[in-house]
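The values are calculated or read from the model by the stated rules, or taken from the named source; none is laboratory data. The structure presented is a predicted model; accordingly, all values stated were derived computationally and were not measured. Because the Cβ atoms are built from the backbone with ideal geometry, glycine has one as well, and the counts that use them run over all protein chains shown.
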Amino acid sequence: MNVAALFSGGKDSTYAIYLAQQRGWTVGPLITMIPEHGESYMFHIPNIGLTGMLAEAMGLGHSEFTTEGKEEEELEDLKIALANRDVAGVLTGAIASDYQTTRIDRLCHELGMRSFSPLWRWNQRHVLEDMAAAGFKTIIVGVYAEGLGEDWLGRELDENALKELDAISEKYSINISGEGGEFETLVIDGPNFLKKLEIIESTKHWEGVRGELIIKEARLVNR
């Protein structure tokens, strides 16, 4: 089965691609929507410009499309990006977002495609554990919730980080996988990567209680 995949470079979309490949599906092209004004109701934003490099790291085709990021209107931009694709369906990394999933499902229905979300309703901690066990290296590139400070920017989601997230989740009632927008991630290596992403230069941009790791320069290197 051939499927297009919505791709942000974050953990959920990357892991969904891997799971589809494990099923023997052909994944491609990867579709990245880039909000022009840095805001979106639907799409991941931090370091979105690295998605082309990450697609190359996985040896997959990639297409970028811009959107103004306006609520509902950005779905029309996605519809244009997916129209006339010779694929059976669209792959997403949605875990628990009804907002995203219902809209993608409706859009796929309009296009005569199927919608696939292999992580849907998984236990959120299990997603993080399974990714780490499979060999993915994921770092946090954006934090937007109480309990997560500047020191989390650039931190790898390893077992120690997961234990701390357990405690933070219990205290502040955040989604441990960041599904509620509490944090954003970037996958820099994984079992389906031909090369890994090496960060050469980055800077932390912090504003009171939220911030992002801005990657200024990166390259692909042999694993």
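A single member of 155, 219 is modelled with pLDDT of 95 or more, charged (D, E, K, R), in contact with a strand residue (DSSP E or B) (Cβ under 7 Å, 6 or more places away or on another chain) and within 14 Å of residue 138 (Cα to Cα), and it is 155.
Filtered by the rule that a residue be more than 18 Å from residue 16 (Cα to Cα) and either touching a residue at least 24 places away in the same chain (Cβ under 8 Å) or of a type in the set (Asp, Glu) (or both), segment 107-117 gives 107, 110, 111.
A quick yes/no check of all residues on (1) part of a strand (DSSP E or B); (2) farther than 26 Å from residue 104 by Cα; (3) of a type in the set (S, T, N, Q):
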| residue | (1), (2), (3) |
| --- | --- |
| 119 | no, no, no |
| 125 | no, no, no |
| 170 | no, yes, no |
| 217 | yes, yes, no |
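Tell me yes or no: at least one residue of segment 189-201 is in contact with a Gly (Cβ under 8 Å, 6 or more places away or on another chain) and within 16 Å of residue 143 (Cα to Cα). No, segment 189-201 has no match at all.
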